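Scroll down for the structure; my scribbles are underneath it.
The values are calculated or read from the model by the stated rules, or taken from the named source; none is laboratory data. Predicted model only: the values in this text are computed from it and were never measured. Cβ placement follows ideal geometry from the backbone for every residue including glycine, while neighbour counts extend to all protein chains displayed.
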């Protein structure tokens, strides 16, 4: 809320539109990167469950489009980030400039810096081995329909016994 209120003062000066353009570009590519990472994590999770011998039937919900939707989404995110790179280098209807490039592509530079900084700080591997990925910690376990029916019957019996 405070940040949104502070951003409303951008229109007071002439550089407000310029700053808004930077923030808009930053958020748009970060959203694209976020969706790409969701698809990538889904691909890795399903691969890890396959390597560890887990059945897809163990999952509480299954996508009808697996694996194509995750690969399709990840591919489109990479494609859109590459298109944005091309447009940042050679803008349509404008001349290439360093300021224009960084105003359009600053989020990718920020993501690379943050990722490399985290890898240096934590000194972890680039990717975990699929057999070592923890799939069960903090996992929400769902009961089957038979267990839910039994639970309802026992609840009804408890209520009936109290009467």
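Given the structure, is residue 70 at pLDDT 80 or above, in contact with a helix residue (DSSP H, G or I) (Cβ under 6 Å, 6 or more places away or on another chain), over 22 Å from residue 114 (Cα atoms) and surrounded by 13 or more Cβ atoms within 10 Å (Cβ to Cβ)? Please lay out each step first, then the result.
Details: at pLDDT 80 or above: yes; in contact with a helix residue (DSSP H, G or I) (Cβ under 6 Å, 6 or more places away or on another chain): yes; over 22 Å from residue 114 (Cα atoms): yes; surrounded by 13 or more Cβ atoms within 10 Å (Cβ to Cβ): yes.
Considered against the rule, which asks whether it is at pLDDT 80 or above, in contact with a helix residue (DSSP H, G or I) (Cβ under 6 Å, 6 or more places away or on another chain), over 22 Å from residue 114 (Cα atoms) and surrounded by 13 or more Cβ atoms within 10 Å (Cβ to Cβ), residue 70 comes out as yes.
Residue by residue, here is whether (1) over 28 Å from residue 139 (Cβ atoms); (2) at pLDDT 90 or above; (3) over 19 Å from the mean Cα position of the chain (by Cα); (4) in a helix (DSSP H, G or I) holds:
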position	(1), (2), (3), (4)
24	yes, no, no, yes
39	no, yes, no, yes
81	yes, yes, no, yes
92	yes, no, yes, no
107	yes, no, no, yes
110	yes, no, no, yes
126	no, no, no, no
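On the given criteria, is residue 32 under 19 Å from residue 111 (Cβ atoms) and free of Cβ contacts under 8 Å to residues at least 24 places away in the same chain? So that I can check it myself, show each step before the final result.
Values: under 19 Å from residue 111 (Cβ atoms): yes; free of Cβ contacts under 8 Å to residues at least 24 places away in the same chain: no.
So residue 32 fails the test.
Is it the case that residue 137 is surrounded by 10 or more Cβ atoms within 10 Å (Cβ to Cβ) and without any contact (Cβ under 8 Å) to a residue 40 or more places away in the chain? Give the derivation first.
On the way: surrounded by 10 or more Cβ atoms within 10 Å (Cβ to Cβ): no; without any contact (Cβ under 8 Å) to a residue 40 or more places away in the chain: yes.
No.
Limited to region 110-134, what total is found for residues that are in contact with a helix residue (DSSP H, G or I) (Cβ under 7 Å, 6 or more places away or on another chain) and surrounded by 12 or more Cβ atoms within 10 Å (Cβ to Cβ)?
3
Looking at (1) in contact (Cβ under 8 Å) with a residue 60 or more places away in the chain; (2) part of a helix (DSSP H, G or I), which is the only condition residue 60 fails?
For residue 60, the failing item is (2).
Any chance you could count how many residues in region 63-77 are within 18 Å of residue 135 (Cβ to Cβ) and without any contact (Cβ under 8 Å) to a residue 12 or more places away in the chain?
Restricting attention to region 63-77, the residues satisfying the condition of being within 18 Å of residue 135 (Cβ to Cβ) are 63, 66-67, 70.
Then keep just the ones that are without any contact (Cβ under 8 Å) to a residue 12 or more places away in the chain; that gives 63.
Number of matching residues: 1.
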